[in-house]
1. Return the Cα extents of segment A:2-88 along principal axes one, two and three, sorted largest first, each rounded to a whole Å.
2. Counting other Cβ atoms within 10 Å, which trypsin sites (Lys or Arg not before Pro) in segment A:1-66 have at most 13 and lie in a DSSP loop?
3. Over all Cα pairs of segment B:7-49, how is the pair count split among 10 Å bins, expressed in % and running from 0 up to the last occupied bin?
4. Restricted to Cα positions, what overall size does segment A:79-157 have along the principal axes? Three whole-Å values, descending.
5. At 24 Å minimum axial length over the Cα atoms and a Kyte-Doolittle cut of -0.5, report the qualifying DSSP H helices in chain A, or say none.
6. For A:VAL26, what is the net charge nearby, where nearby means another residue's Cβ is under 12 Å from its Cβ and Lys, Arg count +1, Asp, Glu -1?
7. Sort B:LYS7, A:LYS81 so that the residue with the fewest other Cβ atoms within 10 Å of its own Cβ comes first and the one with the most comes last.
8. Under the definition of partner shielding as Cβ atoms of other protein chains within 10 Å of a residue Cβ, what is the mean value for peptide A:61-69?
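None of the figures in this text is laboratory data; all of them are computed from the coordinates on show. Worth saying up front: this structure is predicted, and the values here are computed from it rather than measured. All Cβ positions, glycine included, derive from the backbone under ideal geometry; neighbour counts span all protein chains shown.
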Amino acid sequence: MASARDIPGITLDATFREAAASAVEVRADEVFSFRDRALDTGDIEGVHDMRVATRRLRAVMEIFAVCFPKQQHRRALREVKELADVLGERRDPDVMIAGLEKVAQGLAAADRTGIRGLEESLREEQAGANERLAAMLDRIERDRLRERLIALAVEARLG
Amino acid sequence: MKARKVKGLDPDGPLVDNMRRVIVVRIDELFGFVPAALDPANVEDAHNMRIAAKRLRYLLELSEPLFGSGAKKGAKVVKGLQDTLGEIHDCDELLPLVDGFVGGLRAEDAAAVVASAPPGAEDLDPALSKDAPHRSRYRGLELLMVHTRARRELLHARFVQEWQALEERGFRDELESALQPAEPVPQAE
């Protein structure tokens, strides 16, 4: 898992709004840096990293909410949450399948059949989630979410 | 779970004061789920406590440059709690999923067994069930549910132990007293 980048605006002499601007800039940049890897089904860590980065972005947007223009903030936060949900739908089956595998390994070969069937059904669901993720990433690009997040940071700085 | 609103935040005020204000509320939120979440049957509060732990953890990690090692240590402990509660949550998610999957197999098998009965049969011959298409799948799935239930029980007991140890060492006081600036705040000229 990629570790979170330092936020240059989190300093002892900063105001709340200066830190808010810096935090959203850094965390938004982090989220979008994982865009291409998240759609690569052969790289299961890409979607995980983007999900964690989205959670971190959501966290700073909630912590510093009072520093942003209300309406723009609400819309952007809603979209970040939607992105997090779709990333979760794409990622959760990976975790579940890994857990099922572990249990299956401990069972007699004849008892693994049912678990394999469940894994298969999870993989089918996951394929659907990957399509939804691709559509969501296209949508947020079309709706310029990244640019709107940067604009939120600018607004926070201006006060 | 919606986070509790933090009153009195000032966008133009010092970051350190505002962060302290938010952290104090989030600490209170986390501790507010006890004793409810210590009850193994209380799935919802364990889930909400995990979310509260996640919020507090991110906040403490973010505040490390302000509050130094106290925030770092606090974040690590809270992450441990979040992880344990996360594993419990995974079990709570898996159980209904497996149950639903088994229910689907049962429905398909019942339909197949009915279809295999001779036309006009007055009752169902029990022997027809031995050819149910999914008959070999149930045992493994039942064992999976047994394992998941047992694992949840064990993890919850571990969570209770971890929490009790934190209370005994005065973790809440530790966290609150860590909320002092890492170094003196520079005075404005």
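1. Dimensions of segment A:2-88 along the principal axes of its Cα atoms: 44, 27, 15 Å.
2. Values: sites: A:ARG5, A:ARG17, A:ARG27, A:ARG35, A:ARG37, A:ARG51, A:ARG55, A:ARG56, A:ARG58; in loops: A:ARG5.
For trypsin sites (Lys or Arg not before Pro) across segment A:1-66 that sit outside H, G, I, E and B with at most 13 neighbouring Cβ atoms in 10 Å, the list reads A:ARG5.
3. Bin by bin from 0 Å, the calculated values are 27, 33, 23, 15, 2.
4. Largest to smallest, the principal-axis extents are 62, 23, 11 Å.
5. On the way: long enough: A:16-33 (25 Å, 0.14); A:44-63 (29 Å, 0.00); A:70-105 (51 Å, -0.81); A:113-142 (44 Å, -0.78).
Helices meeting the criterion: A:16-33, A:44-63.
6. Details: positive: A:ARG5, A:ARG27, A:ARG56; negative: A:ASP6, A:GLU25, A:ASP29, A:GLU30.
Net charge around A:VAL26: -1.
7. Details: B:LYS7 7, A:LYS81 12.
Fewest-to-most Cβ neighbours within 10 Å comes out as B:LYS7, A:LYS81.
8. On the way: counts 0, 6, 13, 7, 5, 6, 5, 1, 0.
Across A:61-69, the average partner-chain Cβ count within 10 Å equals 5.
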